[in-house]
Amino acid sequence: MSQLKVILQFSGGAELLFDKIKKREVELPVLEKYLPQINKSEWSIRELLVWMKDNLLKERPELFLQGDSVRPGILVLINDSDWELYGELDYKIQNGDAIMFISTLHGG
Amino acid sequence: MPVLCRTGCGEKAVLKRPKTGDALCKNCFYHAFETEIHYTITKGELFNKGESVAIAASGGKDSTVLAHVMKTLNKRYEYGLNLMLLSIDEGITGYRDDSLETVKQNRDDYEMPLKILSYKDLYGWTMDEIVAQIGRKNNCTFCGVFRRQALDRGAAMLNVKCIATGHNADDIAETVLMNVLRGDIARLKRCTSISTGSEGTIPRVKPLKYTYEKEIVMYAHYKKLVYFSTECVFAPNAYRGHARALLKDMEKIRPSCIMDIIYSGETMAVKEDVSLPTQRLCVRCKFVSSQEVCKACVLLEGLNKGLPRLGIGKSSKAKKMLEEYNSKLEHSAKERAIQDLNDHKVINGSDKCSSKGKSCKSGLCKSKKKYTEIDNHVNKCCNSDCSGRCKCNQSNDKENEGNTKINTLLEQYGINESSNDSGIDQNKLDVPNNDIVEDLLNQEEDPCSGSCGKMGSLQIGF
């Protein structure tokens, strides 16, 4: 399995939950080693969220996650397109993908 | 596998519209988004040609998108409107000072004049100062009540025909839910109307009434509009937060629920015999109010008298506070005699006026008199037109506290209940209910339109 680099972006207030950093490039580890119990080799958004929770989300994860997905009201864009067009949690992450989280839950 | 735009334009779709489920490309989305707002404006006849319109601008996503779309549509469809931005500076360090920078950016980007009004100038208090007095629990009440009036004042200064606010479909659905959950029929009735404002006031209109929050955020994102997105530093509102979470959960399962809730709110009819507060002008500041003296004036008076909680808690508490305040000021025997007389009168009949008698002992003090007038008004309302719950609201407040204490005593000592005032018994049934409603209203009263919540409020019974 070759390396998997993704760009994570946060806006609309979602960045406040991630040390106010709006953009970061991360390299995901080999999935079989990271989550051996799930018996999968390809990263999808579902596993990415687990990885983010373990590695990036320091406090109050309930403001970002709900169940195994993002909290309703947080929009997810995969390469600048609505994730609802790409299978949401089941989308298979490709090397170089840009995944963006925009909160709609912050003040208007 | 890229999904193609449903219109058949050949472009790659970028989003799924929550309202229709359509997959659209950027340009087709912009077109649909803007055209729908145009239809909302024309169908609701929100504006007339040549009018001046103030856009209530907070620097957040909704008002930023509203300003952008209004400018676009004004040009495209030749509305002939003179648009300007109106912002309120509540004086919240680390929140509003930052968001006002965004509004100034809007002013430059959209070439619209901007008027900023501050609480400090209007009321003599910043929110920071108010919070220092009141603490963090009830400050939303101040902020919301003051903001609503501040917008009216600003609009009057700008001499505009109406104020456009950025309330979106999610906000309105959320407010419908909230008002149902609180049994607030007066607001339930009002909150879905696209244009609000009675005679003599500057109407507010909501061009984004049918626009989903998701689409507003996506529009701002694709158009690269700069907006400010930080929660108000003071108030994450618990009750509204729950309504919001519930709505978002339901939207996930069935996106059309937002439109459906608005539809329900719009078509719900209020029974004729339900009495609603009538709008009138505050005798002090001449702005619209449901009471003789508006909530803003009551709150302000509390602040200025060093009784910041006046007008926040139950009315009985406010009365008690005023009593204490007044008794500190006046100790003359004559006054006490009058009070005795008043107390006597209370026992003899007029069941709801005990506090009235106490808070306005002599009728000499101007401010005290104000409260007497409020009480009078309330009593009038209670006695004459209220068939249902309102009847008991005011008197219960007072009796409530007494009741709980008395009941505890009764339990402990088995004292005969008849020692109570006779008026209490008939009201008793409603007590727990009203208590809850009152508590919610008071604690969760959430009139913030800038950030934490949306609906302005002047209708809380004092």
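The values are calculated or read from the model by the stated rules, or taken from the named source; none is laboratory data. All of these numbers come straight from a predicted model, not from anything done at the bench. We place every Cβ from the backbone using ideal geometry, glycine too, and count neighbours over all the protein chains shown. Ligands, DNA and RNA are stripped out before the accessible areas are found, and what is left, the full protein with its side chains, is counted by its heavy atoms. Shrake-Rupley method; radii C 1.70, N 1.55, O 1.52, S 1.80 Å.
What do you reckon, is residue A:79 within 13 Å of another protein chain (Cβ to nearest Cβ), open to solvent by 60 Å² or more (accessible area, probe 1.4 Å) and either touching a helix residue (DSSP H, G or I) at 6+ places or on another chain (Cβ under 9 Å) or polar (S, T, N, Q) (or both)?
On the way: within 13 Å of another protein chain (Cβ to nearest Cβ): yes; open to solvent by 60 Å² or more (accessible area, probe 1.4 Å): yes; either touching a helix residue (DSSP H, G or I) at 6+ places or on another chain (Cβ under 9 Å) or polar (S, T, N, Q) (or both): yes.
Taking the combined requirement at face value, the residue satisfies it.
Which of the following residues is among the aromatic types (Phe, Trp, Tyr), in contact (Cβ under 8 Å) with a residue 12 or more places away in the chain and open to solvent by 40 Å² or more (accessible area, probe 1.4 Å): B:110, B:95, B:77, B:123?
Sole residue among the options that is among the aromatic types (Phe, Trp, Tyr), in contact (Cβ under 8 Å) with a residue 12 or more places away in the chain and open to solvent by 40 Å² or more (accessible area, probe 1.4 Å): B:77.
What is the one condition in (1) at the interface with chain B (Cβ under 9 Å from one of its Cβ atoms); (2) touching a residue at least 24 places away in the same chain (Cβ under 8 Å) that residue A:96 does not satisfy?
Here residue A:96 meets the rest and fails (1).
Being of a type in the set (Ser, Thr, Tyr) and assigned to a loop (DSSP other than H, G, I, E, B) narrows it down to one residue among B:93, B:35, B:64, B:40; which is it?
On inspection, the qualifying residue turns out to be B:93.
How many residues, within segment B:5-24, are within 10 Å of chain A (Cβ to nearest Cβ) and touching a residue at least 12 places away in the same chain (Cβ under 8 Å)? Write out each step before concluding.
At the first step, the residues of segment B:5-24 found to be within 10 Å of chain A (Cβ to nearest Cβ) are B:12-18, B:21, B:23-24.
In the following step, the residues that additionally are touching a residue at least 12 places away in the same chain (Cβ under 8 Å) were identified as B:12-15, B:17-18, B:21, B:23-24.
Going through segment B:5-24 one residue at a time, the tally reaches 9.
Taking segment A:3-22 on its own, how many of its residues are away from every other protein chain (no Cβ under 14 Å) and open to solvent by 90 Å² or more (accessible area, probe 1.4 Å)?
Of the residues in that region, 3 qualify.
Identify the single condition in (1) closer than 21 Å to residue B:224 by Cβ; (2) open to solvent by 30 Å² or more (accessible area, probe 1.4 Å) that residue B:34 does not satisfy, given that it satisfies every other one.
Evaluating residue B:34 over (1) closer than 21 Å to residue B:224 by Cβ; (2) open to solvent by 30 Å² or more (accessible area, probe 1.4 Å) leaves (2) as the failure.
So, in segment B:241-256, of the ones that are under 21 Å from the mean Cα position of the chain (by Cα) and within 12 Å of chain A (Cβ to nearest Cβ), which residue ends up least open to solvent (accessible area, probe 1.4 Å)?
Taking segment B:241-256 first, the residues under 21 Å from the mean Cα position of the chain (by Cα) are B:241-247.
Those left that are additionally within 12 Å of chain A (Cβ to nearest Cβ): B:241, B:244-247.
Working: B:241: 32, B:244: 41, B:245: 45, B:246: 80, B:247: 4 Å².
Only one residue tops the list, namely B:247.
If the requirement is being within 12 Å of the chain's Cα centre (by Cα) and open to solvent by 20 Å² or more (accessible area, probe 1.4 Å), which of these qualifies: A:86, A:34, A:91?
Numbers: A:86 fails: within 12 Å of the chain's Cα centre (by Cα); A:34 fails: within 12 Å of the chain's Cα centre (by Cα).
Every option except A:91 fails the conditions.
Would you say residue B:260 is surrounded by fewer than 20 Cβ atoms within 10 Å (Cβ to Cβ), in a loop (DSSP other than H, G, I, E, B) and more than 14 Å from chain A (Cβ to nearest Cβ)?
On the way: surrounded by fewer than 20 Cβ atoms within 10 Å (Cβ to Cβ): yes; in a loop (DSSP other than H, G, I, E, B): no; more than 14 Å from chain A (Cβ to nearest Cβ): yes.
For residue B:260, the condition - surrounded by fewer than 20 Cβ atoms within 10 Å (Cβ to Cβ), in a loop (DSSP other than H, G, I, E, B) and more than 14 Å from chain A (Cβ to nearest Cβ) - is not met.
Within segment B:254-294, can you find the residues that are of a type in the set (Phe, Trp, Tyr) and either closer than 15 Å to residue B:210 by Cβ or at pLDDT 80 or above (or both)? First the steps, then the outcome.
Narrowing segment B:254-294 to residues of a type in the set (Phe, Trp, Tyr): B:263, B:287.
The one that is of a type in the set (Phe, Trp, Tyr) and either closer than 15 Å to residue B:210 by Cβ or at pLDDT 80 or above (or both): B:263.
Could you list, in sequence order, all residues of segment A:28-72 that are part of a loop (DSSP other than H, G, I, E, B) and within 14 Å of another protein chain (Cβ to nearest Cβ)?
If the condition is that a residue be part of a loop (DSSP other than H, G, I, E, B) and within 14 Å of another protein chain (Cβ to nearest Cβ), then A:60, A:64, A:67, A:68, A:71, A:72 are the ones that fit.
Does residue A:96 meet the test of being within 30 Å of residue B:246 (Cβ to Cβ) and surrounded by fewer than 16 Cβ atoms within 10 Å (Cβ to Cβ)? Explain how you work it out, then say what you get.
Details: within 30 Å of residue B:246 (Cβ to Cβ): no; surrounded by fewer than 16 Cβ atoms within 10 Å (Cβ to Cβ): yes.
No: the conditions fail for residue A:96.
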